[in-house]
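Enquirer: Structure in C-alpha cells, see below.
The values are calculated or read from the model by the stated rules, or taken from the named source; none is laboratory data. Because the structure is a prediction, the values reported are computed rather than measured. Here the Cβ positions follow ideal geometry from the backbone for every residue, glycine too, while neighbour counts run over all protein chains shown. Note: accessible area is taken over every heavy atom of the protein model, side chains too, but ligands, DNA and RNA are not part of it. Shrake-Rupley method; radii C 1.70, N 1.55, O 1.52, S 1.80 Å.
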Amino acid sequence: MGAYRLTIRHGPKVERETYQMLGDALEALERHAEEVRREGPLEEFRALQDFEPAQRVQARIELSTGRVFRGREVGIDVMGDGALVPYAGVIRKRRLEPPGGETAFDAVRDALQ
C-alpha cells in the first residue's frame with residue numbers, strides 16, 4: 001500500500017502531511033483534531049441566516065490512502081461546538097456512527113480496515 005496523506009483544512013489554511021504507516025497517520029489525525037478543539041468554540045455567525053457553532057465546521061481533517069484508483073478517504077469534521085463528526089467517502093461523504101462506547105477516531109480507524 002502507498003503512503004497515507006493527511007489534509008488539514010482549518011480556516012483559510014490547508015496543510016498536507018504524508019505518513020508511511022497507517023498508525024502514524026491516525027495518531028496525527030487525532031492530534032490535529034484535539035489541537036483544534038483546544039482553541040475553544042466558534043462564535044455564532046450571522047449572515048442571511050444565523051449559524052450556531054454546532055452548525056459550523058471549524059476544521060476538516062481528511063485521511064486518504066494515497067491510491068489513485070479505489071483509494072479510500074475518511075476524516076473528522078471538528079464542529080464549532082467541539083463535536084467530532086467522523087465520515088467516509090470522497091465525492092459522497094457519509095457520516096460514520098461509532099458503535100456504543102467507541103469514539104469518532106475509532107469509527108475512522110474501523111472504516112479503513
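Enquirer: Could you tell me whether LEU96 is farther than 15 Å from GLY23 by Cα and not small (Gly, Ala, Ser)? Let's see the steps before the verdict.
Expert: Numbers: farther than 15 Å from GLY23 by Cα: yes; not small (Gly, Ala, Ser): yes.
Against the criterion (farther than 15 Å from GLY23 by Cα and not small (Gly, Ala, Ser)), LEU96 qualifies.
Enquirer: Now for a different question. Just to verify a result, which residue in the stretch 1-32, among those that are of a type in the set (S, T, N, Q) and in contact with a Phe, Trp or Tyr (Cβ under 9 Å, 6 or more places away or on another chain), is nearest to GLU73 (Cα to Cα)? Lay out the reasoning, then the answer.
Expert: We begin by selecting, within the stretch 1-32, every residue of a type in the set (S, T, N, Q); these are 7, 18, 20.
Narrowing the set further to residues that are in contact with a Phe, Trp or Tyr (Cβ under 9 Å, 6 or more places away or on another chain) leaves 18, 20.
Details: THR18: 14, GLN20: 16 Å.
Checked the stretch 1-32; the qualifying residue nearest to GLU73 (Cα to Cα) is THR18.
Enquirer: Right, here's the next one. Spot the failing condition for GLU30; the list is (1) closer than 19 Å to LEU96 by Cα; (2) assigned to a strand (DSSP E or B), and only one is missed.
Expert: Unmet for GLU30, out of (1) closer than 19 Å to LEU96 by Cα; (2) assigned to a strand (DSSP E or B): (2).
Enquirer: Of everything in the stretch 38-78 that's assigned to a helix (DSSP H, G or I) and either open to solvent by less than 70 Å² (accessible area, probe 1.4 Å) or within 21 Å of ALA111 (Cβ to Cβ) (or both), which residue is modelled with the highest pLDDT? Steps first, answer last, please.
Expert: Applying the first criterion (assigned to a helix (DSSP H, G or I)) to the stretch 38-78 yields 38, 53-55.
Filter once more, keeping what is either open to solvent by less than 70 Å² (accessible area, probe 1.4 Å) or within 21 Å of ALA111 (Cβ to Cβ) (or both): 53-54.
Numbers: PRO53: 88, ALA54: 91.
Filtering first and then ranking leaves ALA54.
Enquirer: Here's a follow-up. Taking the stretch 18-36, which residues are farther than 18 Å from SER64 by Cα and surrounded by 17 or more Cβ atoms within 10 Å (Cβ to Cβ)? Give the derivation first.
Expert: The initial filter retains those residues of the stretch 18-36 that are farther than 18 Å from SER64 by Cα, namely 34-36.
Residue satisfying the conditions is VAL36 alone.
Enquirer: Same structure, new question: Within the stretch 1-17, take every residue that is touching a residue at least 40 places away in the same chain (Cβ under 8 Å) and open to solvent by 50 Å² or more (accessible area, probe 1.4 Å) and give me the one that is farthest from GLY40 (Cα to Cα). Steps first, answer last, please.
Expert: As a first pass, look at the stretch 1-17 and keep what is touching a residue at least 40 places away in the same chain (Cβ under 8 Å): 1-11.
Applying the additional criterion that residues be open to solvent by 50 Å² or more (accessible area, probe 1.4 Å) yields 1, 5, 9, 11.
Working: MET1: 37, ARG5: 26, ARG9: 17, GLY11: 14 Å.
Among those that are touching a residue at least 40 places away in the same chain (Cβ under 8 Å) and open to solvent by 50 Å² or more (accessible area, probe 1.4 Å), it is MET1.
Enquirer: Just for the stretch 82-107: of the residues that are closer than 19 Å to SER64 by Cβ and among the β-branched types (Val, Ile, Thr), which one is least open to solvent (accessible area, probe 1.4 Å)?
Expert: VAL85
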